[in-house]
Amino acid sequence: MRQGMKALAAAGMLLAALVGCKREADPNSIRFRYWGDTEEVKIIESLLKDFEQANPGVKIRPERKNSDGTYADVLLTEFGAGTAPDVMFVSTDNIDILAESGKLADLNPWLAKEPDLKASDFYDAMTSRFMKDGKLLVLPRDVAPIACIYYNKDLFDAAKLPYPKDDWTWDDLRADAIKLTQREANGNPIQLGFADDWNLVDAWILAGGGKHMDSFEHPTRFTFAEGGALDGILFRFNLLTRDKVMPSSSDNQSLNGGAGAMFLNGTLGMFHSGLWKTPSFRRITKFKWDVAPFPHKKGVQPLYWSGGSGYTMRDGVANPELCWKLIKYMAGPEGQKRLAATGLAQPALKALANSPAFLDGQDPLNKKMLLNCADHGLASPAWKPWQEFERTVWGPQTDPMWIKGYEGDPVALLKDVQKKADEKFFPAAK
């Protein structure tokens, strides 16, 4: 009897799966996978509704998922099971893992049919990052240089400091941060000069003229513990430990809302993050603020650590023309304009980023500097094990540097981590 019940249950599951497959094959239906915070979700959902209204009979089935490390893993599992969505939101952080599956469609043939849209209209940093073996796997929606130094104008005025300029250096930031930092007699901070959204070491590596690896496309060894890369990491380390102008990672985690909350409440002079902080910062009423580009080591032409995202579709969808139409709508001028209007994202279309749609005169007033940052942006290495390196080697072994009370030798630590990383990921290079 129990075996019979199991057989019936299995048959029911199979029937449900078959019904689901038939539903997925509906030429007027699209399963749409995405992520986003509250503001972004509102924009995406409104765009999807407008698309449905403009295309009677079409039904978009949105599926919001977390953007953490499981996003790509879930998709890979679904690719293997034949249950993946039709159109997907992806980023520079997960494209390499997803591309390896061979389940993403080449968008080049579709883009080639568009008279009003071509690959050269987008920032090259984005199209090149989303290109694999000559195939454009993602139509870029936004470019995201993590290059914004938000600064509190009122605190700068009170300290009689000039506002940061677009060509400022590390030394300028350090001098300002020291003057903006105020502590009680026991050392507890009243006001800090600088903080970043998380341990944004990557930006310091690039701004020092270095890189994490000898090549971001075909690496053969790590280089973060030498040259300009090492200079950048040590500069940030000294801001924390010697100058004491920024919170430690443990301090940051103990804050409700992190360092961003310190900036919001007016107790932080400068805050490093991306443009996506703008919607919440536009609600600030008690002080004036603006942005400057991430500073660089004197004498260095910097690159800016960058991200970005866009839309792709599964290879072999039942309705590729409709899926492409949705991708073009979401990642084309209409979708990018809607995002830009909120201050949330910088358009991946160069002409749109350099237009009033983005340069709209709203805070931050100096966001035009992001055009240069995007032109010199560098996304994470196009190397499949990158996230594994960050998760299993870089994070666990360098995190102690950023915790209050660290007394080790940072140079020795970094050189040891680089040696271990080379041994793990490039053993043949010995």
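Rule-based calculations on the coordinates, nothing more; no lab input. Nothing here was measured: the structure is a model prediction, and the numbers come from that model. Neighbour counts run over all protein chains shown; Cβ positions are idealised from the backbone, glycine included.
Cross-link reach is defined here as a Cα-Cα straight distance under 17 Å, omitting same-chain residues fewer than 8 places apart; for K65 the aspartates and glutamates meeting it are D37, E39, E40, E45, D73, E78, D86, D93. P(r) tail for the range 262-399: Cα pairs beyond 17 Å make up 70% of the total. Charged neighbours of A379, selected by a Cβ distance under 13 Å, balance to -4 (K, R count +1; D, E count -1). Of all lysines in the structure, the ones whose alpha carbon falls short of 20 Å from that of K165, not counting any fewer than 8 places away in one chain, are K153, K179, K288, K297, K298, K367, K368. Size descriptors for the chain, from the alpha-carbon set: Rg then Dmax equal 23.6, 84 Å.
For the range 333-430, the relative contact order comes to 14 percent (Cα pairs under 8 Å, sequence separation of at least 6). What you get for the chain, charging only the Cβ of Lys and Arg (+1) and of Asp and Glu (-1), is a dipole of about 640 debye around the Cα centre.
Under the convention that each Lys and Arg Cβ holds +1 and each Asp and Glu Cβ holds -1, the size of the dipole of the range 323-430 around its Cα centre is about 480 debye. What FRET efficiency do you get for D50 and E114 if R0 is 30 Å and r is their Cβ-Cβ distance, rounded to the nearest 0.05? Once rounded, the FRET efficiency stands at 0.95. Charge tally around P356: other residues with Cβ under 13 Å, Lys/Arg +1 each, Asp/Glu -1 each, net +2. When the chain is described by a simple charge dipole with +1 on each Lys and Arg Cβ and -1 on each Asp and Glu Cβ, the residue from W394, A175, V417 located farthest towards its positive end is W394. Here the Kirkwood formula puts the hydrodynamic radius of the range 56-194 at 19.6 Å, using every distinct Cα pair. Site pair D68 and D106 shows an inter-label distance of 3.7 nm when each label is modelled 7 Å from Cα along Cα→Cβ.
Would you calculate, for the chain, the mean residue ellipticity at 222 nm contributed by helices, counting each DSSP H stretch of 4 or more residues as -39,500 (n - 2.57) and dividing by all residues, to the nearest 500? Don't skip to the answer; put the middle values down first.
Numbers: 20 runs with 181 residues, N = 430.
Helices in the chain give a 222 nm mean residue ellipticity of -12000 deg cm²/dmol.
Over all pairs of different C-alpha atoms in the range 132-175, the reciprocal of the mean inverse distance, the Kirkwood hydrodynamic radius, equals 14.0 Å. Cβ crowding within 10 Å ranks M369, M330 as M369, M330, fewest other Cβ atoms first.
Using only Cα atoms, figure out Rg for the range 319-378 and give it as a multiple of 2.2 N^0.38 Å. The partial results should precede the final answer.
Details: Rg = 13.0 Å, N = 60, 2.2 N^0.38 = 10.4 Å.
That works out to 1.25 for the range 319-378.
Relative to the longest principal axis of the chain, what angle (0 to 90°, nearest 10) does the C-alpha long axis of helix 410-425 take? With both axes taken from Cα atoms, the answer is about 20 degrees. Extent along the principal axes, Cα only, for the range 347-413: 49, 32, 17 Å, with the longest axis given first. Inter-part distance, the range 323-391 to the range 114-193, computed on C-alpha centroids, equals 13 Å.
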